[in-house]
1. When all protein chains stay in place, what accessible area (Å², nearest 10, 1.4 Å probe) is found for H98?
2. What residue among S40, S29, S311 shows peak mean-square fluctuation when the chain is described by a Gaussian network model with Cα springs under 10 Å?
3. Enumerate the whole-percent occupancy of each 10 Å bin, from 0 to the last occupied one, for all C-alpha pair distances of region 124-191.
4. Share of antiparallel DSSP beta bridges in the chain, in percent to the nearest 5?
5. For region 256-351, which GluC sites (Glu not before Pro) are in a loop by DSSP, counting at most 11 other Cβ atoms within 10 Å?
6. Where q = 0.27 Å⁻¹, what log10 of I(q)/I(0) comes from the Debye formula for region 12-51, counting one point per Cα?
7. Tell me, rounded to the nearest percent, the portion of alpha carbon pairs in region 106-251 spaced more than 27 Å apart.
8. Determine the equivalent ellipsoid of region 274-356 by diagonalising the alpha-carbon gyration tensor, then write out the semi-axes as square roots of 5 times the eigenvalues, largest first, rounded to whole Å.
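The values are calculated or read from the model by the stated rules, or taken from the named source; none is laboratory data. Bear in mind that the values here come from a model prediction, so they are computed numbers and not experimental data. All Cβ positions, even for glycine, are placed from backbone atoms using ideal geometry, and neighbour counts span all protein chains on display. Only protein heavy atoms, including side chains, enter the accessible area calculation; ligands, DNA and RNA are left aside. Shrake-Rupley method; radii C 1.70, N 1.55, O 1.52, S 1.80 Å.
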Amino acid sequence: MNNPFKFGSVVDEPYFTDRINELAYIKHSMNSANHIVLISPRRFGKTSLVKKAIKEINRPSIFINLQMAVSVENLASLLLKEIFKLRPFEKVKHLMTHFRVIPTISTNPFSDAVDVSFQPSLDTTAILEDVFALLEKVSSPTKRIITVFDEFQEIMGIEKGLDKRLRAIMQEQQNINYIFLGSQESMMTQIFERKKSPFYHFGMLMHLDKIPYDDFMQYITQRLPLKDDTQAKDIAKDILNTTLCHPYFTQQLASQVWEILTYSDVKEDIVKEAVEQLTIIHDLDFERLWMNFNKTDKYILLNLAHKKQPSSTRSLPTSTIYSSVKRLMQMGYIIKINEYEIEDPFFRNWLIKKQG
């Protein structure tokens, strides 16, 4: 039997866990003329959820990770390259005759992969308009292309005013459904919920929470290589108490536990042993991270490791504390669901062991 737990990449059946209501909501929304704004911390499974929904409704799709876009020209190139994956260049080149800025297009003769680039231009608005117009042309009212922008908050750092230009283009389109994924809640909220923002209420807002405890418990228990249901439930409970139901780290820890149960002689404290193994594997990475934090960041992280909330801290000014919290959240080291917590349980374990 292969390890039934998967992490670190997009997952589908049989690794996909729960998300029944969220899946139904996205499918229903994509079958309307609406757009979706999906917000959650990193590694909560946004991409897996969206890809599963698109697969089940059998619609063409394009995925753009805006962390990979360093300029407007680069963003247009990424989008055009994805269009060519759906519609080969030879079939759409006649639709590009009116492009005001001509891209450089090359094909790998061995793989047929297409590479696209735009030279730096003074007229980036024309580049955007032409590429998005092509996207609209290759779509259709009966099978609209779903275009997913991952880490959409990064749009604010590519070029000033880009959000205004994109909104002006997108609001005129009829045959595209957009899904905007974001991991930085404060920035995504500013983009889509602030009245003065160009994207104010452009899509249906959706927050992705952790997978419910009971659903995760059942998922883990059924997949552990144990015949004793009581032991399986006890181990699943220890896993979830360690990861606090974080989707990514729960799968990672469950995977390590499965390996120990299947291939080692360890019989007691199995979850503790798995946590120790994963902490040791990442020891040097955690050491490098720790050395790059300032004193306030270290103070906040140590308090959170010992389950002390920033609001309980009295030795530093409130403004200093929450500046640090905001920075650590933007960097992805801490998250807030009901309260603040260190995202990585193995980093939390490392802090308790190494720093006290």
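1. Answer for H98: close to 150 Å² accessible.
2. Among S40, S29, S311, the largest mean-square fluctuation in the Gaussian network model of the chain belongs to S311.
3. Values per bin, smallest distances first: 19, 50, 28, 3.
4. Close to 30 percent.
5. Passing sites in region 256-351 are E268, E339.
6. Normalising to I(0) and taking log10 leaves -1.06.
7. In whole percent, the share of Cα-Cα pairs in region 106-251 beyond 27 Å is 49.
8. Its equivalent ellipsoid spans semi-axes of 22, 13, 12 Å.
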